[in-house]
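> Handing you this structure, nothing more for now.
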Amino acid sequence: VGFSTAMRGIIGPVAASLMTTHPGLRLRLAEVEPWQAVDQVAAGQADVAVVHRWGDVPIAIPDHVERRTVHRDEAEVVLRTDHRLARRRTVSPADLADERWIATPEGTICRQWLSRMYAGTGRLPQIEHTSMEFDSHLAMVSAGLGIALVPRLGRAPLPAGTKAIRVTDPVPEREVMALWRRSQGRSPAVQAIVAALGS
């Protein structure tokens, strides 16, 4: 199990490779939010999960669940090339204080990080539109409906007339981890999956 951008950027390619190198391995993929993935692995409903943690936004992982960092990712602000900040190489949350945002729904980890990113500004981000899919965010930015914070991992090519700009202070970084139950650590299938995710 894993989150959406990991499905496109990590899990899909790894699954295809594993099915070639380990033809007897049976994989069943499911896209879920990170806390659901943690719960499924902890309860034995999934053998391996790929989850992410943004900066200091916590994700609770039980003691009987092992973890390994398999990727580090960064999100960038995507805006139109005619935007007032489009010529900048970097932007800070203070630069973005009055912007209209396209974001994931309330309660998602990405939304929590966007709100946390604004902590030093004394304000909250002004969310105009919500969508779970980052491809939809890109389409809405292209249409001039706002700006979006979009991870690099699994990101589709940017639409014409848009650009991505790095954010600083703080940099929106996330740690991508593979999780599995400690009791399954010697399983050849789990070992093969975790090794492939980390390569």
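> Taking a ≥ b ≥ c as the square roots of the Cα gyration tensor eigenvalues, with a/c under 1.5 meaning rounded and otherwise prolate when a/b beats b/c, else oblate, which class fits region 54-172?
Note, shape of region 54-172 comes out prolate.
> Of the residues V78, V14, V50, which exhibits the maximal mean-square fluctuation in a Gaussian network model of the chain defined by a 10 Å Cα contact cut-off?
The residue with the greatest mean-square fluctuation here is V14.
> Would you please name the trypsin sites (Lys or Arg not before Pro) within region 26-87 that are DSSP coil residues with at most 10 other C-beta atoms within 10 Å of their C-beta?
R26, R28, R84, R87
> Can you pull the percent of region 148-199's accessible area that's carbon plus sulfur, 1.4 Å probe, other chains left in place? Please report the intermediate quantities before stating the final value.
Values: 1200 of 2390 Å².
Answer for region 148-199: carbon and sulfur cover 50 percent of the accessible area.
> Also: Would you give the gap between the C-alpha center of region 118-189 and the C-alpha center of region 17-62, rounded to a whole Å?
So the two Cα centres are separated by 19 Å.
> Along each of its three principal axes, how wide is the spread of alpha-carbon positions in region 125-179, in whole angstrom units, largest first?
For region 125-179, the Cα spread along each principal axis is 37, 24, 20 Å.
> Also: Counting DSSP beta bridges with both partners in the chain, what percentage is antiparallel, nearest 5?
In the chain, approximately 70 percent of DSSP beta bridges are antiparallel ones.
> What whole-number value in Å² describes the accessible area per residue of the chain for a 1.4 Å probe?
Result: 50 Å² per residue.
> Alpha carbons only, please: Rg and Dmax for region 1-93, in angstrom.
Reported Rg and Dmax, both Å: 17.3, 55.
> Something else: Pick from A49, A94, A164 the residue whose mean-square fluctuation is largest in a GNM of the chain, springs joining Cα atoms under 10 Å.
The residue with the greatest mean-square fluctuation here is A94.
> Separate question: In µm²/s, what is D for the chain at 37 °C and 0.692 mPa s, where D = kT/(6 pi eta Rh) by Stokes-Einstein and Rh is the Kirkwood radius from Cα pairs?
Working: Rh = 17.8 Å.
Rounded to a whole number, D works out at 184 µm²/s.
> Please turn the phi angles of region 166-180 into ³J(HN,Hα) values with the Karplus equation 6.51 cos²θ - 1.76 cosθ + 1.60 (θ = phi - 60°), one per residue in order, whole Hz, x for glycine and proline.
These are the phi-based 3J(HN,Hα) values: 5, 9, 10, 6, x, 7, x, 10, 9, 9, 9, 10, 8, 10, 7 Hz.
> Over region 89-133, what percent of the accessible surface lies on carbon and sulfur atoms, probe 1.4 Å?
Heavy-atom surface of region 89-133 belonging to carbon and sulfur, 1.4 Å probe: 45 percent.
> Please give me, ordered by residue number, the GluC sites (Glu not before Pro) of region 123-199 that lie in loop per DSSP and have at most 12 other Cβ atoms within 10 Å.
Answer by residue number: E133.
The values are calculated or read from the model by the stated rules, or taken from the named source; none is laboratory data. Computed from a prediction, not measured in an experiment: that's the story for all the values here. Neighbour counts run over all protein chains shown; Cβ positions are idealised from the backbone, glycine included. Remember, those area values only see protein heavy atoms, side chains included, never the ligands or the DNA or RNA. Shrake-Rupley method; radii C 1.70, N 1.55, O 1.52, S 1.80 Å.
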